[in-house]
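Reviewing the structure listed below.
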Amino acid sequence: MLYIALLRGLNVPGRSVKMEYLRELFTGMGFESVRSYIQSGNVFFESEEEDRDVLGEVIRTALREALGYEVAVCLRTVPELEALLARDPFKDVTVTDDMRSCVVFTTERIDPALELPLMSPKKDIEIIATAPYEAFVVWYLIKGRAPNAKGFQERVLGHDATTRFFHTVGKILAAAKKG
């Protein structure tokens with residue numbers, strides 16, 4: 001099975017991880033056909049393991065031991081990303097230069113009773129839709145700066161999550177399918 005690991009906490013200030021080293025770590029975990037896409041922690045690999053909880057724990061543990069800090073590991077498959085993109089959750093959003101369309105990938109199920117749309121108190125993050133393990137979010141830039149996801153977004157969606165721009169998800173999917 002081809003998995004896409006969307007990792008959080010790599011190549012942010014104070015945490016620089018070369019993709020070559022990250023690929024070596026995944027290969028060392030016994031995964032096959034390991035590839036990476038851009039420096040933000042997107043790794044493609046094949047595994048016969050079907051239990052994502054087990055797979056995620058293997059990866060989290062190995063990364064913690066190798067890197068010395070926790071890394072959120074959100075695992076998805078090609079069909080899941082295809083379905084996410086086909087949903088086109090931002091089709092009714094008029095995007096301006098001071099907005100970003102994002103997907104927040106979570107490791108824990110999002111509360112299906114979450115009342116949407118949900119705006120942050122600072123009015124810089126708006127959750128417009130959710131799926132069981134993804135939230136579709138609009139970031140509103142303030143003075144050209146992206147919002148801090150560690151506040152509102154983490155309180156609502158959980159800290160074991162990672163964010164990608166919606167258009168980047170399409171690029172990740174295309175790269176995964178290249179094989």
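The values are calculated or read from the model by the stated rules, or taken from the named source; none is laboratory data. Source: prediction; values computed, not measured. Because the Cβ atoms are built from the backbone with ideal geometry, glycine has one as well, and the counts that use them run over all protein chains shown. These accessible areas exclude ligands, DNA and RNA; they are computed on the full protein's heavy atoms, side chains included. Shrake-Rupley method; radii C 1.70, N 1.55, O 1.52, S 1.80 Å.
With the other protein chains left in place, how much accessible area per residue, in square angstrom, belongs to the chain at a 1.4 angstrom probe?
Normalised by residue count, the accessible surface of the chain is 54 Å².
Sorted by packing (mean other beta-carbon atoms within 10 Å per residue), highest first, where do 145-151, 41-47 land?
My ranking of the peptides, most packed first, is 41-47, 145-151.
Whole-Hz ³J(HN,Hα) for each residue in the stretch 131-146, computed from phi via Karplus 6.51 cos²θ - 1.76 cosθ + 1.60 with θ = phi - 60°, x for glycine and proline: what do you get?
With coefficients 6.51, -1.76 and 1.60, one gets 10, x, 10, 9, 10, 9, 10, 9, 9, 9, 6, 10, 6, x, 10, 6 Hz.
Give the separation of the Cα centroids, the stretch 1-48 to the stretch 64-130, in Å.
Between the Cα centres of the stretch 1-48 and the stretch 64-130 lies a distance of 20 Å.
If I take the Cα coordinates of the stretch 61-145 and project them onto the principal axes, what are the three extents in Å, biggest first?
42, 32, 25
From the C-alpha coordinates alone, can you work out the Kirkwood hydrodynamic radius of the stretch 69-115, in Å?
Mean inverse Cα-Cα distance, inverted, gives 13.4 Å.
Run down the lysines and flag those whose C-alpha is under 16 Å from the C-alpha of LYS122, throwing out any fewer than 8 positions away in its chain.
Output for LYS122: LYS143, LYS150.
In the chain, if every C-alpha pair distance is counted and binned at 10 Å from zero, what percent goes to each bin?
So the P(r) values, bin by bin, are 9, 38, 36, 15, 2.
Can you give the log10 of the normalised intensity I(q)/I(0) at q = 0.11, 0.12, 0.22 Å⁻¹, computed with Debye over equal Cα scatterers of the stretch 1-77?
Each listed q maps to, in turn, -0.23, -0.27, -0.98.
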